[in-house]
Amino acid sequence: MDTYLGSGDAAELLGVSVSRIKQLARKGELEVALVVGGRRLYARRDVERLAVRRQSGACADRGVKRRVG
């Protein structure tokens, strides 16, 4: 059985803000698993998987803009 996290818990697990969680969901980097009463829930396994990717540097978006050229 899957465990689900609200935006605040997901943000805490990833060490980011709630608004960043919503951005990640809009960009497709974090899937919204359920919407219950207007509240977005994320599968814990998906949030943990994203945390591992971010720690390993596999996630291209690190919140840092780089100058090209």
*How would ASP46, ASP2 line up by accessible area, probe 1.4 Å, largest first?*
ASP2, ASP46
*Excluding ALA25 itself, what net charge comes from residues whose Cβ is under 9 Å from its Cβ, given Lys and Arg +1 and Asp and Glu -1?*
+2
*Can you send over the solvent-accessible area of TYR42, 1.4 Å probe, protein chains only, in Å² to the nearest 10?*
0
_With a cap of 15 neighbouring Cβ atoms within 10 Å, and only residues DSSP puts in a loop, list the trypsin sites (Lys or Arg not before Pro) found in region 3-36._
LYS27
*Surrounding net charge for GLY8, when Lys and Arg each add one and Asp and Glu each subtract one, Cβ distance under 13 Å*: +2
*If we count every other residue with Cβ under 13 angstrom of ARG44's Cβ, Lys/Arg +1 and Asp/Glu -1, where does the sum land?*
-4
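The values are calculated or read from the model by the stated rules, or taken from the named source; none is laboratory data. For clarity, every value in this text was computed on a predicted model and none was experimentally measured. Neighbour counts are summed over all protein chains in view; Cβ atoms, including those assigned to glycine, are modelled from backbone coordinates with ideal geometry. What goes into the accessible areas is simple: the full protein's heavy atoms, side chains included, and nothing from ligands, DNA or RNA. Shrake-Rupley method; radii C 1.70, N 1.55, O 1.52, S 1.80 Å.
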